[in-house]
Amino acid sequence: APVSDGILLGGLDPDQRAAAELTEGPSLIIAGPGTGKTRTLTHKIAHLVTACGVPAERCLAITFTRRAAEEMAERLTALVPGHAPKLTIATFHSLGVRILREQHARVGLTSRFGIADEAAQLSVLTELLDDEGAAKRALSELPQDAALADRYTKALRAKDLVDFDDLITLPVRLLESEPEVAAHYRERFQWISVDEYQDVDETQYRLLRLLAPEDGNLTAIGDPDQAIYRFRGADVGFFLRFQQDYPGARTVQLTRNYRSGPHILAGAVRAITPTTLVPGRELTAAGHHPEPALIGLHHASDEHGEAAFVARTIDQLLGGSSFHSLDSGRVTGDGTEGLGFADFAVLYRTDAQAKAIMEALTRAGVPFQKRSHDRLADRPGVREIVRELHFEGTSGSVLERIHRAARAETHAAVDLLTPLARRCGDDLERFRTEIALGAEVDTWDPKADLVALLTLHAAKGLEFPVVFMVGCEDGLLPLRWPGADPDPEEENEERRLFFVGMTRAQRHLYLSHAAQRVRQGTSRPMPPSPFLADLGPEVVQRFGEANPPRRKATQLRLL
Ligand code: ATP
Ligand code: MG
């Protein structure tokens, strides 16, 4: 049944609605975390295809992860069921795959070309150089050696392979050199929206410029203060110069945050203010928070004490214990009612930190799923499974075949790949593409009743009622190799990561830091993160091993 526009835009506040109604020409939506950017984008697309009569096949939505694309597709299926299957909802890389599959002959590939993972890239280079060590070094230095890069590309193509970078650079080159192909895609995708625009890189930007002319219907949504992928080549500069690139662009700011309690939000805003890229950054709490919690700041003796604190607190919040309320002298209405495992996330800067947390959660009987932002294809267990699948028969679903292919040492990878939810059914080709394009976090299952263990990068765009951000220490967040000097640009990016982490929390946010922890095999004293000092004392409540007054009461509750 057709959905009336009142229902589609009715779920938006007036500013969000104004943003969704900017349907012609370029527009820039600048908005902080939890202000409904992703929601506004989704409703805008629904509005376009219903109220504005835009054919769904003319719409392209670009998200940052495969998982975000899937979630947006699900939401649009619910909002505009008849139109949803005709929309293109993709990441830059999956859009690239689509263009290359359609235009394969023009770039010297078959329609069934493969996507080389790191192992395949290495084997191509090893064949060329006849030396595995040299191939490993060459892989990281390919851009500097034009002659080798050329031989490498030829060898890849001879095997009907592209690498991950090719997925965007090849379409860009194709559209640049063949104007009629570019015209075809401009005609096809006349309404383009890009979520998380602050993290586009130069090739992605060039692809967008080719697809969306200066007066095109391009909507860029994002938050420069959440730019966190510089290490992968992302450049927040593209967001900041959107007005120059698209001079006719209209701008909307969203400032009402529907996600986090007011103390969490106030702390987060104070944390980002010293280096904000958004002049006059404003964020007010608009959600319903009857008795908002302060930000818990826990000081542990070491990583094991920190992990035990996380496990204990999850247990207490789930048991309906009034742990947090006790700390703040209240016993009811603290927002812990009705929580399940899936409502908790533990966020950390480096994957290595997950080990102590996993041990403590396992001991406490708390089930979890751990995901990083690393590429799936580069995980050793995953690679083995993909290789084995090649030799498997064709009977059974992909899932059954994975289980047959798996060896004992790849069980962790099987757990990781199982959600890949199953989603692919019998379609092995799709499964391989998903692996080639996906990050670990894309297989995170929000519906499973498990605590989420995520790197801060992987937590981008997500939200949880209860968030623990562990390892808030100088050298870890901001991250710095022991002995290295601080780099101001990198420190700013680390501060943005801290901001992203804090703003994932809805009801409870716990920040923890340890007095010492093992890094690179050595136990080192860890000063607290300098970012903690900016939160403002009025929104923070300190407790922990190094600050014992409330500990007694906590232990009594546990007994
Ligand atoms: P991030 O920067 O972290 O990606 P975002 O700006 O994309 O955040 P969303 O994830 O779209 O924010 O929305 C945050 C939360 O607020 C979601 O739970 C969403 O459903 C809710 N929300 C957004 N707008 C409204 C609204 N107008 N009324 C009620 N809830 C809203
Ligand atoms: Mg979002």
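The values are calculated or read from the model by the stated rules, or taken from the named source; none is laboratory data. Since the model is a prediction, treat every value here as computed from it, not as a measurement. As a convention, Cβ positions derive from the backbone with ideal geometry for all residues, glycine included, and neighbour counts pool all protein chains shown.
A few remarks follow.
- Out of 48, 79, 87, sole residue that is more than 21 Å from residue 207 (Cβ to Cβ), surrounded by 23 or more Cβ atoms within 10 Å (Cβ to Cβ) and not assigned by TED's automatic domain parsing to the domain that holds residue 417: 48
- So residue 270, is it under 25 Å from residue 283 (Cα atoms) and either more than 16 Å from ligand 1 (Cβ to nearest atom) or modelled with pLDDT of 95 or more (or both): yes
- Checking 130, 145, 160, 150 one by one, the residue that is on the phi > 0 side of the Ramachandran plot and exposed (fewer than 13 other Cβ atoms within 10 Å of the Cβ) is 130 and no other.
- From the options 216, 248, 261, residue that is within 30 Å of residue 511 (Cα to Cα) and either within 16 Å of ligand 1 (Cβ to nearest atom) or surrounded by fewer than 22 Cβ atoms within 10 Å (Cβ to Cβ) (or both): 261
- Some residue of the range 3-16 being outside any helix (DSSP H, G or I) and within 16 Å of residue 222 (Cβ to Cβ): no
- The residues in the range 453-487 that are within 15 Å of ligand 1 (Cβ to nearest atom), among the hydrophobic types (A, V, I, L, M, F, W, C) and either under 28 Å from residue 92 (Cα atoms) or surrounded by fewer than 23 Cβ atoms within 10 Å (Cβ to Cβ) (or both) can be counted, and the count is 6.
- Test: residue in the range 53-63 that is modelled with pLDDT under 95 and either assigned by TED's automatic domain parsing to the domain that holds residue 430 or more than 16 Å from ligand 2 (Cβ to nearest atom) (or both): yes
- The range 5-18, residues that are modelled with pLDDT under 95, touching a helix residue (DSSP H, G or I) at 6+ places or on another chain (Cβ under 8 Å) and not charged (D, E, K, R): 8, 9, 11, 12
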